[in-house]
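Peer 1: Shown below is the structure under consideration.
The values are calculated or read from the model by the stated rules, or taken from the named source; none is laboratory data. Please read these numbers as outputs of a predicted model, since none were measured by experiment. Neighbour counts run over all protein chains shown; Cβ positions are idealised from the backbone, glycine included. Just the protein is used for accessible areas: all its heavy atoms, side chains included, with ligands, DNA and RNA removed. Shrake-Rupley method; radii C 1.70, N 1.55, O 1.52, S 1.80 Å.
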Amino acid sequence: RVGKATALNSAVAASKGSILVFSDANTAFARDAVRVLVRSFADDEVGGVAGNQVYHSNGVDPGDATAAGVGERRYWDMDRLVKVAESRGGNVISATGAIYALRRELFRPVPDGVTDDFVTSTQVVRQGRRLVFEPDAVAVEPVAGAGSREYGRKVRIMTRGLRGVATARELLDPRRSGFYALQLLTHKVLRRLVVVPLLVVAAVTPSLWNEGAIYRVAAVGQAAVYGLGVAGLALRERPAGRRQWFALPAFFCLVNVASLHAVLNL
């Protein structure tokens, strides 16, 4: 039990292939996933390939899926579209640990206390190669389970992710990484900090009730979203809580509270 970073470093040291393929413990690859994943390496400019993480398909969710878990699956559907656009623009921000690959010579030892997939995959960009997305290289994972365990997992991942950005902070300099710097700032930093203006808006909006209709709409809208989110988390173990109008606000609330927790940890 030496920790994931040490285990990954030891595994890479023991391997011999020119392409390294990474995965998570709870992931199942599609039959052709590796073949599809590595075909992009025919382009010498490509140093790493991020695969496509999906949740149990065909509408079949595990029985212990929570409202936040169902919401997370919807989030990843949107994130997949973002990754396609990022890849066409030059680079995806980073790979998901479920499925990705990179050229062996671009691997650097993973330090402790960071998100290994972020630090490892961004080494590609740091060394001047492209990190692209391959939507046809599919890895399947179960949706999130019990709420308390999932919350702890999100806080841990976000905290390590922010530490990972800190270790790769030179990538935030557009003189070094160009447009990727803006992508990284918005995707990995500002997205985690959006909870701060959300809290300010939630605190200020009610006091502006008499200032105009737009403020009343904003106050009611916020109350509705947060109310549905709390209800979704309260009903997370029941079928009603997995309906979209509960699941999406529940996931939104869970992620933003976890983000605040992670920022405080950092």
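Peer 1: Based on what the data block shows, is residue 258 in a helix (DSSP H, G or I), open to solvent by less than 70 Å² (accessible area, probe 1.4 Å) and within 23 Å of residue 120 (Cα to Cα)? Full working, then the answer.
Peer 2: Details: in a helix (DSSP H, G or I): yes; open to solvent by less than 70 Å² (accessible area, probe 1.4 Å): yes; within 23 Å of residue 120 (Cα to Cα): no.
In short, no.
Peer 1: If you don't mind, another one. Consider residue 232 carefully, then state whether it is closer than 21 Å to residue 74 by Cα, surrounded by 20 or more Cβ atoms within 10 Å (Cβ to Cβ) and not aromatic (Phe, Trp, Tyr). Before the answer, list the steps.
Peer 2: Working: closer than 21 Å to residue 74 by Cα: yes; surrounded by 20 or more Cβ atoms within 10 Å (Cβ to Cβ): yes; not aromatic (Phe, Trp, Tyr): yes.
In short, yes.
Peer 1: I'd like to know if region 174-181 contains one or more residues that are at pLDDT below 90, touching a helix residue (DSSP H, G or I) at 6+ places or on another chain (Cβ under 8 Å) and within 25 Å of residue 260 (Cα to Cα). Steps first, answer last, please.
Peer 2: Within region 174-181, the first condition is being at pLDDT below 90, and the residues that meet it are none.
Within region 174-181, not a single residue is at pLDDT below 90, touching a helix residue (DSSP H, G or I) at 6+ places or on another chain (Cβ under 8 Å) and within 25 Å of residue 260 (Cα to Cα).
Peer 1: Identify, by number, the condition in (1) in contact (Cβ under 8 Å) with a residue 12 or more places away in the chain; (2) assigned to a helix (DSSP H, G or I) that residue 220 doesn't meet.
Peer 2: In the conditions (1) in contact (Cβ under 8 Å) with a residue 12 or more places away in the chain; (2) assigned to a helix (DSSP H, G or I), residue 220 misses (1) alone.
Peer 1: Please specify each residue of region 192-219 satisfying the condition of being loosely packed, with under 13 Cβ neighbours inside 10 Å and over 30 Å from residue 159 (Cα atoms).
Peer 2: 207, 209, 210, 211, 212, 213, 214, 217
Peer 1: Collect the residues in region 146-199 that are closer than 17 Å to residue 125 by Cα, in contact (Cβ under 8 Å) with a residue 24 or more places away in the chain and either outside any helix (DSSP H, G or I) or under 16 Å from the mean Cα position of the chain (by Cα) (or both), keeping them in residue-number order.
Peer 2: Result: 161, 164, 165, 168, 178, 183, 184, 187, 188.
Peer 1: Suppose the filter is outside any helix (DSSP H, G or I), at pLDDT 80 or above and open to solvent by 50 Å² or more (accessible area, probe 1.4 Å); does residue 88 pass it? Show your work before the answer.
Peer 2: On the way: outside any helix (DSSP H, G or I): no; at pLDDT 80 or above: yes; open to solvent by 50 Å² or more (accessible area, probe 1.4 Å): yes.
Here the answer is no, as residue 88 does not meet what is asked.
Peer 1: Continuing with this model, one more query. Out of all the residues in region 92-115, is one or more in a helix (DSSP H, G or I), in contact (Cβ under 8 Å) with a residue 40 or more places away in the chain and of a type in the set (S, T, N, Q)?
Peer 2: no
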